[in-house]
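Peer 1: Sharing a structure below in structure tokens format, with a few things to ask.
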Ligand SMILES: Cc1cc2nc3c(=O)[nH]c(=O)nc-3n(C[C@H](O)[C@H](O)[C@H](O)COP(=O)(O)O)c2cc1C
């Protein structure tokens, strides 16, 4: 696969625009895709070519503004000679975004990160969402200080090709801190900026029956409204899915752990399942990016 990158100055539009899609005209029907970012009146784009020896391609561009309205360039904007362009290797980016009050979900997230990074050509990045509770309440709840994993802003999501979202359960559903994060993604929802991108879920509960399945199941609505593609792990983890001797979190929905009274930590089997989820998901995100 070959990647080309470049910059197109675009002077016909005087309003800022946030997203870009491109229609490609090719001399022959080679598979190709383009992604871009618009900054003021300049489009920074990258083109993926799955076949070598394409002599010349012509690109015309559709601009999406903050609303769903579109501007379509009437004529091809740019004609690109493929030869002299520097080839760029662009990795598939997977963001692992989580909330963790006592560290259980964070441990799963770090193992998932390793699994994602184990797939060639895929980059993993860990993020946590913003805390919504004040220091006093957190102190009363016995929450330890947060780790130094960076806090994500909703718009950061747009940069990734796939997402693994993790949270502890609260009364059988997603923790409010993570819901608050999703509630702040209205801008991305309006432009459907996450539509077509894959997303997986992982989680922690205190007890059996406390939400190992309801927590991910009830969180799928967030993905659906954004048009994301839910990627469960199914039974791809193999024999470990059928463990009956020892307590084991997780399910076909995704990796999971039991915190118990807080003193139980993810077991080796739960961590192996988390690694598996990262690896399995990364391979799918990579395939989907290739087919854009
Ligand atoms: C308000 C509240 C509600 C909770 N509800 C549930 C629940 O319904 N089922 C359950 O098993 N655990 C419940 N828990 C326990 C948390 O899920 C547990 O602390 C968490 O999984 C630990 O993950 P963390 O270390 O990443 O924060 C609840 C905790 C709080 C504070």
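The values are calculated or read from the model by the stated rules, or taken from the named source; none is laboratory data. These figures come from a predicted structure and were not determined experimentally. Positions of Cβ are backbone-derived with ideal geometry, glycine not excepted, and every protein chain shown enters the neighbour counts.
Peer 1: With (1) surrounded by fewer than 17 Cβ atoms within 10 Å (Cβ to Cβ); (2) on the phi > 0 side of the Ramachandran plot as the list, and residue 254 as the residue in question, which single condition is left unmet?
Peer 2: Of everything listed in (1) surrounded by fewer than 17 Cβ atoms within 10 Å (Cβ to Cβ); (2) on the phi > 0 side of the Ramachandran plot, residue 254 misses just condition (1).
Peer 1: Counting just the residues of region 113-140 that are part of a helix (DSSP H, G or I) and surrounded by 14 or more Cβ atoms within 10 Å (Cβ to Cβ), which one comes out nearest to the ligand (Cβ to nearest atom)?
Peer 2: 138
Peer 1: Can you tell me which residues in region 199-221 are surrounded by fewer than 21 Cβ atoms within 10 Å (Cβ to Cβ) and away from the ligand (no atom under 16 Å from the Cβ)?
Peer 2: If the condition is that a residue be surrounded by fewer than 21 Cβ atoms within 10 Å (Cβ to Cβ) and away from the ligand (no atom under 16 Å from the Cβ), then 220, 221 are the ones that fit.
Peer 1: Please work out which one of (1) closer than 21 Å to residue 256 by Cβ; (2) out of contact with any strand residue (DSSP E or B) (no Cβ under 6 Å at 6 or more places or on another chain); (3) in contact (Cβ under 8 Å) with a residue 60 or more places away in the chain is the condition residue 159 fails and give its number.
Peer 2: Status for residue 159: all satisfied but (1).
Peer 1: A follow-up question, please. Given (1) in contact (Cβ under 8 Å) with a residue 60 or more places away in the chain; (2) more than 10 Å from the ligand (Cβ to nearest atom); (3) in a strand (DSSP E or B), identify the lone condition not met by residue 167.
Peer 2: Unmet condition: (2).
Peer 1: Against the definition (part of a helix (DSSP H, G or I), within 16 Å of the ligand (Cβ to nearest atom) and in the same structural domain as residue 257 (by TED's automatic domain parsing)), how does residue 110 come out, yes or no?
Peer 2: yes
Peer 1: Another one. For region 173-292, please list each of the helices (runs of 4 or more DSSP H) lying entirely inside it that holds at least 2 residues being farther than 20 Å from residue 109 by Cα.
Peer 2: Helices (runs of 4 or more DSSP H) meeting the threshold: 186-191, 214-226, 268-290.
Peer 1: Here are the criteria: (1) under 15 Å from residue 164 (Cβ atoms); (2) within 16 Å of the ligand (Cβ to nearest atom). Tell me which single one residue 263 does not satisfy.
Peer 2: (1)
Peer 1: Still on this structure, please answer the following. Tell me which residues, restricted to region 172-198, are over 14 Å from residue 258 (Cα atoms) and within 16 Å of the ligand (Cβ to nearest atom).
Peer 2: Selection gives 173, 174, 175, 176, 177, 178, 179, 180, 181.
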